[in-house]
Amino acid sequence: DLYSLAAWEGHLISGHGSGLIRVWNVATGARDRILEGHTHVVLCLAVSGTRLVSGSGDRSVKVWAMGAGASWPCERTLVGHAGGVYTLAIWRGKGLSGAGGDSVRV
């Protein structure tokens with residue numbers, strides 16, 4: 001039930017149908033951490049600097065603070081799409097999200 005992938009500084013980040021985001025250490029192949037917060041499938045992931053952005057079928061976008069610590073906390077949850085969030089992009093420091101129902105948000 002893998003739906004999305006992103007990479008960041010030796011980590012592979014995977015979004016799953018369960019709503020979980022798993023973070024893997026590329027060098028060892030071991031899972032480093034699990035990010036919980038979405039209530040539906042994680043459809044897309046984007047990385048900018050030390051921020052991970054995730055979009056979900058639960059119609060939300062979450063911003064996570066990545067770092068060396070044991071947890072990567074969710075800093076912000078953005079809502080407002082009428083459907084699941086299928087695509088994300090970071091452009092000039094701003095997040096763009098696209099969802100079902102032909103909506104785009106900045």
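The values are calculated or read from the model by the stated rules, or taken from the named source; none is laboratory data. Note that the coordinates shown come from a computational prediction; the quantities given were computed from them, not determined experimentally. In this analysis, Cβ positions are derived from the backbone assuming ideal geometry, glycine residues included, and neighbour counts consider all displayed protein chains.
Just a few scattered comments:
- For the residues THR50, THR39, THR87, the requirement of being out of contact with any Lys or Arg (no Cβ under 6 Å at 6 or more places or on another chain), modelled with pLDDT of 95 or more and hydroxyl-bearing (Ser, Thr, Tyr) singles out THR39.
- In summary, no strands (runs of 3 or more DSSP E) completely within region 1-72 bear 3 or more residues that are touching a helix residue (DSSP H, G or I) at 6+ places or on another chain (Cβ under 6 Å) and among the charged types (D, E, K, R).
- Inside region 53-95, residues that are touching a residue at least 12 places away in the same chain (Cβ under 8 Å), exposed (fewer than 14 other Cβ atoms within 10 Å of the Cβ) and either among the aliphatic types (A, V, I, L, M) or more than 17 Å from HIS38 (Cα to Cα) (or both) make up a count of 6.
- Residues of region 13-50 satisfying the condition of being in contact (Cβ under 8 Å) with a residue 24 or more places away in the chain and of a type in the set (Asp, Glu): none
- Of the residues making up region 3-48, those that are closer than 18 Å to LEU78 by Cβ and in contact with a Gly (Cβ under 9 Å, 6 or more places away or on another chain) number 17.
- Boolean, SER56 is modelled with pLDDT of 95 or more and under 20 Å from LEU96 (Cα atoms): yes
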